[in-house]
Amino acid sequence: MQQNLKVYNSLSSSKERFEPLSPPYVGMYVCGPTVYSDVHLGNLRSFLSFDIIYRYLTHIGYKVRYVRNITDVGHLENDADEGEDKIEKKAKLENLEPMEVVHKYTQGFHDVAKTFNLKEPSIEPSASGHMIEQIDLIKRILKAGMAYETNGSVYFDVMKYHEHTHYGILSGRVLDDLISGSRELEGQDEKRGPLDFALWKKAAPAHIMRWPSPWSDGFPGWHLECSTMSTKYLGKQFDIHGGGMDLKFPHHECEIAQCVVGYGASPAKYWMHANMLTVNGQKMSKSLGNSFLPQQLFNGNHELLDRAYSPMTLRFFMLQTHYRSTLNLSNEALTAASKGYKKLANGLRVIGQLTYPSDQQGVIDEQVNQQIKEFCDNCYHALNDDFNTAKAIAHLFNILKKVNSMHNGNFDIAQLTPETFERMKSTFRQFVQEVLGLTEEKLNNQDQLLEIVIASYREAKVEKNYEKVDSIRNQLKNQGIVLKDMKTGVDWAYEE
Ligand code: ZN
């Protein structure tokens, strides 16, 4: 385990040495998707950032319990306490039962996650499956006197909480500024203060997604689920809580307040936030027409795209920027990323072919040995410095240059010690595949390749080169493909 890993903690706004509460175990909770639409590219970047953190912590020996939830209830439009439930609205539009919407978009999210090589979390709990726990937490907050009931709804009393505990500790927001910047209470007169947030909402008669509670038939507030599910599976205090930058306030701020009152402790030691994705320098939004779904990138079907980009190209592209910096999407950057990714993929292939000479006779080149060791160390230094994948990639390219010079015979492998050679191979492979999660994308043009083989079969027949004809036939047969000489020409079929 690396003792010098540093992570940026949003709670202290500084980089801190990473010290888990009970090593080697690490508890990590990440706010997952609200499953009412396809996951967009910005969300995907956030999930990728925590995928890397999960992968690297595991790589250096921690035992990580990674919980990422599915929000399937209680998330209202505009992240507010009024308005329609996002899932219910979609259900009405598509004429579906709300749980059909949940199922459809959860499946869709899982498909994209798999394509993008995100590791599955250890637990993926859903809000609708934790109604009892959420009601219990509301009871605790009411009992502590930090919430009140109005017309069957329950609200958290922010001003009262702030008398004892700092509300704004995570986001750095100042309460007075928030109050003066908030809307008039008009239309929200159920609330005592403008910053109060819903713990439970009474359902209107037409509202479909409803559960019984001591206060009314209704549904929980959006912030509540993460407080209950994170602590249920990771304990009242755990190590890392993550999410996109947009969740810092109010979502995460409210989570802290709920946990402090209900469970007597601020839940997470380190709060981590992934930055936004911009498109050609602009914030991504549906109204600007620059919002992307991952599938649009993979099939090139978007007016702002010159061509399609593969999932691993997108992954490489995102990892070239540190997770706390904004990342700007453009055709130029994606094209460059495509080249970069392919260089690494070729590196993986080449490194697999390199072997240490059994009859070692070269003179050890101390300088190059030292250099390669430093490149390998630097990969760790980069990830130890708040998971800086951008720097790690630069160091991997330094290793790759050496690998290529060995592959094309410009550097004799025997000038390395066997230890350096093995370390170079394993560091490169482990960082590319395990830590960065970049896999080799197989070519997707089998049919075209088969056409090339069949063309040379035809040529061999015309030339009456029967040795070659038989050879091609046999080789294809070994791959489960039979060639058929027909009156109309040559065709192929799967061997039955
Ligand atoms: Zn959350």
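Each value in this text was obtained by applying a stated rule to the coordinates, not by laboratory testing. Predicted model, so just to flag it, every value in this text is computed and none were measured. Using ideal geometry, Cβ is built from the backbone for each residue, glycine included, and neighbour counts are taken over all protein chains shown.
The alpha-carbon of LYS143 sits under 14 angstrom from the alpha-carbons of these aspartates and glutamates, leaving out residues fewer than 8 places away in its chain: ASP157. 3J(HN,Hα) couplings calculated from phi for segment 42-56 with the Karplus curve 6.51 cos²θ - 1.76 cosθ + 1.60 (θ = phi - 60°) are, in sequence order, x, 4, 4, 4, 4, 5, 5, 4, 7, 4, 5, 4, 4, 4, 6 Hz; Gly and Pro show x.
Kirkwood radius and radius of gyration were both taken over the C-alpha atoms of the chain, and their ratio Rg/Rh is 1.07. In whole percents, the pair-distance distribution calculated for segment 7-274 from its alpha-carbon pairs, binned every 5 Å from zero, is 1, 6, 13, 17, 19, 17, 14, 8, 4, 1, 0.
Could you list TYR167, TYR380 in order of exposure, starting from the residue whose Cβ has the fewest other Cβ atoms within 10 Å?
Numbers: TYR167 25, TYR380 20.
In order of increasing Cβ crowding within 10 Å: TYR380, TYR167.
Across the chain, C-alpha contacts under 8 Å between residues 6 or more apart give a mean separation that, scaled by the residue count, equals a relative contact order of 15 percent.
By the helix-only formula, in which each DSSP H run with n ≥ 4 contributes -39500 (n - 2.57) and the sum is divided by residues, the chain has a 222 nm mean residue ellipticity of -14000 deg cm²/dmol.
For the pair LYS342 and LYS89 in one chain, pulling the backbone fully straight at 0.36 nm per residue adds 86.8 nm over the alpha carbon distance.
List TYR309, TYR29 from most exposed to least, where exposure is judged by having the fewest other Cβ atoms within 10 Å.
Values: TYR309 22, TYR29 30.
With the sparsest Cβ surroundings first, the list reads TYR309, TYR29.
Specify the inter-centroid distance of segment 307-355 and segment 43-96, based on alpha-carbon positions, in whole Å. Centre-to-centre distance over Cα atoms comes out at 25 Å.
Only one residue of SER171, SER13, GLN415 has its Cα farthest out toward the positive end of the dipole of the chain, where Lys and Arg carry +1 and Asp and Glu -1 on Cβ, and that residue is GLN415. Relative to the longest principal axis of the Cα atoms of the chain, the long axis of helix 222-234 makes an angle of roughly 60 degrees. Put a dot 7 Å past the Cα of SER13, heading toward its Cβ, do the same for ASN465, and the two dots end up 7.3 nm apart.
State, as an integer percentage, the relative contact order of segment 341-496 based on alpha-carbon contacts under 8 Å between residues 6 or more apart. Let's see the in-between values first.
Details: 121 pairs, mean separation 32.3, N = 156.
The normalised contact order for segment 341-496 reaches 21 percent.
Rounded to the nearest whole angstrom, the semi-axes of the ellipsoid equivalent to segment 446-494, taken from the Cα gyration tensor as √(5λ), stand at 16, 12, 10, largest first.
The GluC sites (Glu not before Pro) found in segment 138-186 that occupy coil by DSSP, while having at most 15 further C-beta atoms within 10 Å, are GLU184, GLU186.
Taking the Cα centre of segment 446-494 as origin and charging only Cβ (+1 Lys, Arg; -1 Asp, Glu), how large is the dipole, in debye to the nearest 20? Provide the component values of the computation, followed by the final result.
Numbers: 8 positive and 8 negative charges, 33 e Å.
That gives segment 446-494 a dipole magnitude of about 160 debye.
Overall, the chain carries a charge dipole of about 860 debye about its Cα centre when +1 sits on the Cβ of Lys and Arg and -1 on the Cβ of Asp and Glu, all other atoms neutral. Quick one: which residues, 5+ away or cross-chain, put their amide H under 5 Å from the amide H of SER213? H built at 1.01 Å from N. Excluding prolines and chain starts, which carry no amide H, the hits are GLY218. Couplings 3J(HN,Hα) of segment 14-25, computed from phi: 7, 7, 10, 5, 7, 10, x, 5, 9, x, x, 7 Hz, in residue order, whole Hz [Karplus 6.51 cos²θ - 1.76 cosθ + 1.60, θ = phi - 60°; x for Gly and Pro].
I need the shape label for segment 83-217. Rule: rounded when a/c is under 1.5, else prolate if a/b > b/c, else oblate, with a, b, c from the alpha carbon gyration tensor.
Numbers: a/c = 1.85, a/b = 1.48, b/c = 1.25.
Note, shape of segment 83-217 comes out prolate.
Shown in residue order for segment 75-83 are the 3J(HN,Hα) couplings computed by the Karplus curve 6.51 cos²θ - 1.76 cosθ + 1.60 at θ = phi - 60°: 8, 8, 3, 6, 6, 9, 8, 10, x Hz (x for Gly and Pro). Dipole of the chain computed with +1 at Lys/Arg Cβ and -1 at Asp/Glu Cβ about the Cα centre; of HIS110, GLN3, SER471, farthest Cα towards the positive end is SER471. Taking the longest Cα principal axis of the chain as reference, the axis of helix 389-407 is set at about 10 degrees.
Think of segment 7-274 as a dipole: +1 on every Lys or Arg Cβ, -1 on every Asp or Glu Cβ, centred on the Cα centre; then among TRP271, SER216, VAL35, TRP271 lies furthest on the positive end. Amide H contacts of ASN328: THR278, each under 5 Å away and 5 or more positions distant or on a separate chain (H built 1.01 Å from N in the peptide plane; Pro and chain starts excluded). Determine the shape class of segment 173-260: with a ≥ b ≥ c the square roots of the Cα gyration tensor eigenvalues, call it rounded for a/c under 1.5, and otherwise prolate if a/b is greater than b/c, oblate otherwise. Oblate. Pairs from the table (LYS269/LYS342; LYS283/LYS373; LYS114/LYS139; LYS15/LYS236; LYS89/LYS114; LYS160/LYS286) lying more than 30 angstrom apart at Cα are LYS269/LYS342; LYS283/LYS373; LYS114/LYS139; LYS160/LYS286. Applying 1/(1 + (r/R0)^6) with r as the Cβ-Cβ distance of GLU366 and ASN404 and R0 = 30 angstrom yields a FRET efficiency of 0.90. For HIS166 and GLU440, the difference between the fully extended length at 0.36 nm per residue and the C-alpha to C-alpha distance is 93.8 nm. Compute the Cα gyration tensor for segment 287-435, then decide on rounded, prolate or oblate, letting a ≥ b ≥ c be the square roots of its eigenvalues: rounded whenever a/c is under 1.5, prolate when a/b is larger than b/c in the other cases, and oblate in all that remain. It is prolate, given that a/c is not under 1.5 and a/b is the larger ratio. By the count of other C-beta atoms within 10 Å, a proxy for reagent exposure, ASP196, ASP386 are ordered fewest to most as ASP386, ASP196. Against the longest alpha carbon principal axis of the chain, how many degrees, from 0 to 90 and to the nearest 10, is the axis of helix 98-115 turned? The answer is roughly 40 degrees. Note on segment 4-78: with charges restricted to the Cβ of Lys and Arg (+1) and Asp and Glu (-1), its dipole about the Cα centre is near 420 debye. Looking at segment 293-334, the pairs of alpha carbons with a distance over 16 Å make up 32% of the total. Amide hydrogen proximity for ALA265: with H placed 1.01 Å from N in the peptide plane, the residues at 5 or more positions away or on another chain lying under 5 Å are VAL260.
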